[in-house]
Amino acid sequence: MKKVPLRSCAVTKEKCEKKDLFRIVRTPEKEVVYDETGKQNGKGAYLKKDKEVILKAKKNKVLDRLLEVTVPDEIYDMLLERLENE
């Protein structure tokens, strides 16, 4: 049996499978991007695929602290859009 990789959500701190999380990455160039592959180079943080969690992360600037950079609102907007289309 293959082991399922678990990651912690930056907001809820609960362990989830990677497929149930969004990965946000601060690249070495200090850009903030959504990592679809889960393999992008840089410092990553995970958010649960949940509207409440994404909005809470935006409000409390959780990702800004974790990634040590200001996360643009477009990132949150894009995550919410992805969520609706899943």
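The values are calculated or read from the model by the stated rules, or taken from the named source; none is laboratory data. Treat the numbers as computed from the prediction; the structure is a model and nothing was measured. No Cβ is skipped: glycine too gets one built from the backbone with ideal geometry, and neighbour counts run over all protein chains shown.
Of note:
- Matching residues in the stretch 1-42 - criterion: being touching a residue at least 12 places away in the same chain (Cβ under 8 Å) and more than 23 Å from Glu84 (Cα to Cα): Val4, Pro5, Leu6, Arg26, Thr27, Pro28, Lys30, Gln40, Asn41, Gly42
- Checking each residue in the stretch 58-86 for being closer than 14 Å to Leu21 by Cβ and either modelled with pLDDT under 95 or over 9 Å from the mean Cα position of the chain (by Cα) (or both) picks out Val62, Leu66, Arg82, Leu83, Glu86.
- Whenever a residue of the stretch 43-60 is touching a residue at least 12 places away in the same chain (Cβ under 8 Å) and within 15 Å of Val25 (Cα to Cα), its partners that are charged (D, E, K, R) and not in a helix (DSSP H, G or I), lying with C-beta atoms within less than 6 angstrom and at least six residues away or across chains, give the pairs Lys43/Arg26; Gly44/Arg23; Tyr46/Arg7; Tyr46/Arg23.
- The criterion of at least 1 residues that are buried (at least 17 other Cβ atoms within 10 Å of the Cβ) and among the hydroxyl-bearing types (Ser, Thr, Tyr) is met, among strands (runs of 3 or more DSSP E) falling completely within the stretch 2-83, by 43-48.
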